Structure formats: structure tokens, C-alpha cells
Amino acid sequence: MTPPDPLRSLGVRVTTHGGELRVWSETADAIDLCIFDATDPHWIIKTVPMVKDEHGVWSGHSRTLSPGRRYGIRVSGPTAPRNSFHPEKTLIEPYSRGLVRVGPDQWQSSVVDGDFDWAGSVKPRIALDHTVVYEAHVRGLTNLSPSVPANLRGTYAGLAHESTIGYLKNLGVTSVELLPVQAFVSEQRLIKQGLSNYWGYNTFNFFSPHADYATQKSQAAGPEAVLREFKGMVKLLHEAGLEVILDVVYNHTAEEGPNGPVSSLRGIDNAAYYRQNSAGGYIDVTGCGNTLNVSHDVPRRLVLDSLRYWANEVQIDGFRFDLSATLARDENVDFQADSPLLASITADPQLSTVKLIAEPWDIGMGGWQTGNFPDGWTEWNDRYRDRMRSFWLTDLAAARDGHAGSGIGRFATRLAGSANTFSRERGPLASLNFITAHDGFTMADLTSYNVKHNVGNGESNRDGTDSNNSFNHGAEGPTRDRDILTARRKAMRNLLATLLLSAGVPMITAGDEFGRSQRGNNNAYCHDSELTWLNWDLDDWQEDLHRVTRRLLQLRRENPALRPVRFGRPGETTLSASEMNWYNAEGRSMSEDDWHSSGERTLQYLAASTPEHEDFNRILLIVQGREEEVTVTLPLHTGVTSYSLLWDSSHDDLSDAVIEHAPGDRFLVPAASMQLLRAH
């Protein structure tokens, strides 16, 4: 017989006989459950001393602890270097399903029933090779949308509005990845500067949805209504066939450094929840002041229970884990790919169908771990980002100054799925390909600025990376020079095409599909304003870019050769692994010199699918990385009798183009451009 789980049912459980609260603390010597008056947020109407069991779990029961009731805990314990008990403070219970703000920096937990009618709605469960991630901010996506009713803009309900869903479906993405929506607060430093944490990477509670993203009506009705609006958003997106992925922050909390606020975990059991040395000094590998100690059973269980809650009770389709290397560090703070938390997540039957996306680094020793996560994980591929930016931007800038670029070999490696980074067993779908993300320049700004412009962040332009691999094409920022504008817009088309025609899982940052700018700010985390909100009043060139993005997504869907599931091996046939052949401008197979020459900037990539679930398909992708036109000879390849031009980044209007070509034909490729052809 399986022994009872000592950490079962932490948090509040409501029965017909009232509610029971269970909280873990090994070090505390007393915990009181405090229940507040329904109308006066500062009046404690009942205090229940909680009882500790042999596993460190404290329990308290009250008939008053019912849905809608606000509560908190007060914890006392011994004074010691690693402890931080403050029995005068009323703390947030870690498993709170709802929070209520009762003062500028005061919060109380709220009992939430969580009942919701899903009405048969189910998760879309989109195959990873068909997945296109769209990274968006709940508020930023719709706050300026004229198609969304004013009272719904910038909210969960606004994201679920028929116009927003229609836009996402029409664009062709499959999975909306939301910047943090677990309850968060702004850092003390930002508050003093009169700024706020817009991105949300400062989690306050791992179970409650961020209330400020709910409509005013739901906020006024309380946490139950906020949760219901959130679930309603998920339900409507699912009914439209769209997945919901959450960007989650389990590496640190909003309690910041040792002198930061005491709101929950620090006051419950600081010694267990946060990484510290023997003297009580915080071990910070996140750069945020504290690090959650997931090498300990209880913090690790907190993360797992939170994931299970969102995946099952809220029906979330996947998670992107911020600073994932932190979550894989052992008791010695060393990265371990087989760490207990990562192993528990991938083995958990309650999490078996969710997508797992890692940001595979942190700022600690050995913090860069791209390619080292276990099977079942897809990783943000920063090597892909840097290589593709360099090829289309800084290499061209260098060429204008007479310097050689990086050649075609390393570009091709990334295009084909980064087999030099991810193991054959994991395959190309282990790579989450991105050119931009919330953190950094937008795609338009990559082509318009050589340096960051972050003065508005209040840190004298010191914040944000200086390694952007960007190219302004001859003018810093806005310009009326037609040649520069033409070059910038073609660069955006090339970057988008590279992203959407590469092997791996692509991620588009919201607004890149129509050239959104943040005026050169590459770290706009503290701006909740029109700088970061999507502006839906588009110029003609933005409408054109949007149309290009839609077309590229359509081409990705229609050509499985672009979406291999596995890596192939030369001379073998591997199902769902595209057979790849590489040709130079002359139509000859690439030589070793071609691969390694910094002067070789033209590539013909012929990929044929090895059908397992879809019809046979073969494509030819031509990449020309020089700012001068080149004539290529289309490759002679066994089984190929003709090529049909599908798309050309140099203009994207094929009405006057010659569409059909034969193997061996000479094909004029415009300067710095890409062409996609279907091989017959």
C-alpha cells in the first residue's frame, strides 16, 4: 500500500464542514490562521492556532473559512542567521488561489471555489512540428485595439474577444505564449522611481492570476470572478483551436533580496525556501535578489503543484520557464540536466501533455546551458537568434566597410535545426527558434538602430544588452531616406522568412509581423505605455509586412519538408526527417571550402520530406546574403523535373515573375534576398 503523501492538499480545502488550511514550515514554532471581516479588511474576526504534524505541515480548521473569505497567516520562530520570522506581519499563504489588495503594499489571501463550466472545451494539443508560438503581453496586445470594446481592452476578456481571436487565426499562429500572468508586483526600486514592472517577471504568488489584467467588473467582484474571466479566456481560445502557454517565473519571487519585503515564503521558512549559505547570505543566480531553493523537497513540490493546477484546473497547454537553468541546480548550486525538478516535471502524468519550453540559462556559474536540457523539452535557441541576426544584419554592415562576413555554413546549420547543439535523439524540435523576444529590440528596431536607447528606463542607458547584432542601414532611428527604408523592410522580410522556414519551433514576438517599434529601447520592461502596447493603426508598408508574415506561415503549413520532426542521417531514410541536399550558386553540391569560406554567401537548400503522417513534399530554398544580385543555376537532382516559385523576399509580388523553372536553368537572385520554390 502506498503511504500517504505528507505534503498532500497544501493550501485551503473547503468541505461542507468548513475549510482547512495546511501550510508547511519546518522551522516555525507557531502559526496562526487569521480570518478577516467580510467588510473591514483590517479586522481579524477569528484567530486559529494551527497544529504541526511530524512532517512539518501545520493545519487549521474553521467553518468561517469559506469561498470569498479573506485570510492570512502569522508565523513566529527562532532568531537565527537563516531565519526571517516576523510574527507581526500577516503573510500570503503560498497556495492562495486568489489575492485581494487591502493597501498599497498589503495583500490578503482569498478562498476561491474555482467552479467553472468548460462546456466540453478541450485542449487543442497541437503537434510540436505544427506549432507556431506567438509571444504576447495580455495588456499590450489589445490596449489600443479599436476592434475590442473599450471596457475589455488590455484584459483577459479582451484577448478572448472575437476580433483578437480572429486576428490570431487569420495570421496563422497556433499557440499564444503570455508574458507572466501569475500574480506579480513591481520591485521596490521601480516604485521609488515612479515606474512599474510591465513584463511581470516578479511573481508574488504561483497560483493566482494577475488581477490587474481582468476587467474592472471582474476586479470589483473579487478573485473568484477574476479566475472565472481567466478560465473563460482559455476556453474561448481553445474553442478556436489556439493553445495557451504561460511564461512562468519559478526561479525567484517578489520578496527580492534579504532586505526586501516579507510577504510570504520568507516569513514562513526562509531557511528552506531560498538558497542561502550557512551564514544566511542569499545565493543569487537570478539577478533578482533571491533564488528559490528547488533542491529542497518542499519548494520543489510548490512548483510542481502550481504547474499541475494551471495545467489541469485552468487547462493551460504549456509553460515557458524563465531562467530554467536555475530550476536544474542541485544542493551545491550546480546545473544537473537530470535534476529532481526537471525529472519530476517530465515524468509527472498530470503534466504529460503540456509543452515544456526552457529559457536555458541564468547568471550563475555554468549558467549557459543551451542544448543540455533533457528529452521532452524545447529550448530557446540563442545561438539561432545571434547567427541569423548576424547573417542578415551585421555581416551586411561589415561588407559595406569591406570586411568579410560569417559565410553560409553556420547559417545553414541553424536553418536545418541546430544539430550541432541538440542531440540526434531530441531532434530539431528541441530548438525554439526566435529572432526577437520581449527582451531586446523588436524586429523593426533591429533594422533601424545600431545601439540601444534606454534612457527612459531611469538607469542612464546602462541596462539592456549591448550585444544586439543590429544594423540601422545608414541612419540611426527614423528616416525618410527611401533607399534606407527599402533596405530595412527587405531585411525584416528576410528575418521573418528565415524564422518561419527554418527547422524547429518558431516564435514570433507580437507586433513583429507588422514592424512594431519601441523607438530603440531594448529593455522596455518598466514601460506600461504606448511605447510597449501594439499600435493597430498601420501604415501601408506595415500592412504589406503583415501580409508577408501570413503568407510565410501558410507556406510553412503547406510544406512539411520545412518542418522535420527528426534529424536524418546521410544514406539513411528516417521517417519525419527531411532529406537535405545543399548546393552552391553553380548548382553543385557544397564542398568543404564552400561550407567554411567567409566569402560564400549563397546557398541552395533542397529538402524532401520522408512522409509519416503527411503527403510527400520537396522544396528548394535559395539564400543570397550579398547586397548585389547573383545568378544561380538551379540544381539537377534525381527525381526533380521542375521548380515552381512560391515566394520571393525581394518584392513578394509574383504577378510579373516567371514562376516555372527547370533544373539547370539560370535563375537571377536579387541582392540580399530569399526565394522559396516547390520542387516537382
field: Conditions (1) more than 17 Å from ASN143 (Cα to Cα); (2) in contact (Cβ under 8 Å) with a residue 60 or more places away in the chain; (3) crowded, with 23+ Cβ neighbours inside 10 Å: number failed by GLU224
entry: (3)
query: Among the residues of segment 624-638, which ones are touching a helix residue (DSSP H, G or I) at 6+ places or on another chain (Cβ under 7 Å) and either of a type in the set (Gly, Ala, Ser) or open to solvent by less than 10 Å² (accessible area, probe 1.4 Å) (or both)?
result: GLY625
message: Against the definition (in contact with a helix residue (DSSP H, G or I) (Cβ under 8 Å, 6 or more places away or on another chain), over 19 Å from TRP582 (Cα atoms), open to solvent by less than 80 Å² (accessible area, probe 1.4 Å) and modelled with pLDDT of 95 or more), how does SER649 come out, yes or no?
response: yes
- prompt: Out of the residues in segment 553-568 that are part of a loop (DSSP other than H, G, I, E, B) and touching a residue at least 60 places away in the same chain (Cβ under 8 Å), which is surrounded by the most Cβ atoms within 10 Å (Cβ to Cβ)?
  reply: ARG563
- prompt: Out of curiosity, is ASP512 within 18 Å of the chain's Cα centre (by Cα) and either more than 18 Å from ALA671 (Cβ to Cβ) or buried (at least 23 other Cβ atoms within 10 Å of the Cβ) (or both)?
  reply: yes
field: Failed criterion for HIS61 (all others in (1) part of a strand (DSSP E or B); (2) within 39 Å of the chain's Cα centre (by Cα); (3) not aromatic (Phe, Trp, Tyr) hold)
entry: (2)
- prompt: Out of curiosity, is LEU499 surrounded by 23 or more Cβ atoms within 10 Å (Cβ to Cβ), touching a Pro at 6+ places or on another chain (Cβ under 6 Å) and touching a residue at least 24 places away in the same chain (Cβ under 8 Å)?
  reply: yes
message: Within segment 656-674, take every residue that is surrounded by 14 or more Cβ atoms within 10 Å (Cβ to Cβ) and not in a strand (DSSP E or B) and give me the one that is nearest to the chain's Cα centre (by Cα).
response: ALA672
message: Criterion first (open to solvent by 20 Å² or more (accessible area, probe 1.4 Å) and of a type in the set (Gly, Ala, Ser)) does SER324 satisfy it?
response: no
message: Between ASP113, ASP129, which is assigned to a helix (DSSP H, G or I), of a type in the set (D, E, K, R), touching a residue at least 40 places away in the same chain (Cβ under 8 Å) and over 19 Å from GLY511 (Cβ atoms)?
response: ASP129
query: Can you pull out the residues in segment 64-86 that are surrounded by fewer than 21 Cβ atoms within 10 Å (Cβ to Cβ), in contact (Cβ under 8 Å) with a residue 40 or more places away in the chain and of a type in the set (Val, Ile, Thr)?
result: THR64
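The values are calculated or read from the model by the stated rules, or taken from the named source; none is laboratory data. All figures in this text were calculated on a predicted structure; none of them were measured in a lab. Virtual Cβ from ideal backbone geometry, glycine too; neighbours counted across all protein chains shown. These accessible areas exclude ligands, DNA and RNA; they are computed on the full protein's heavy atoms, side chains included. Shrake-Rupley method; radii C 1.70, N 1.55, O 1.52, S 1.80 Å.
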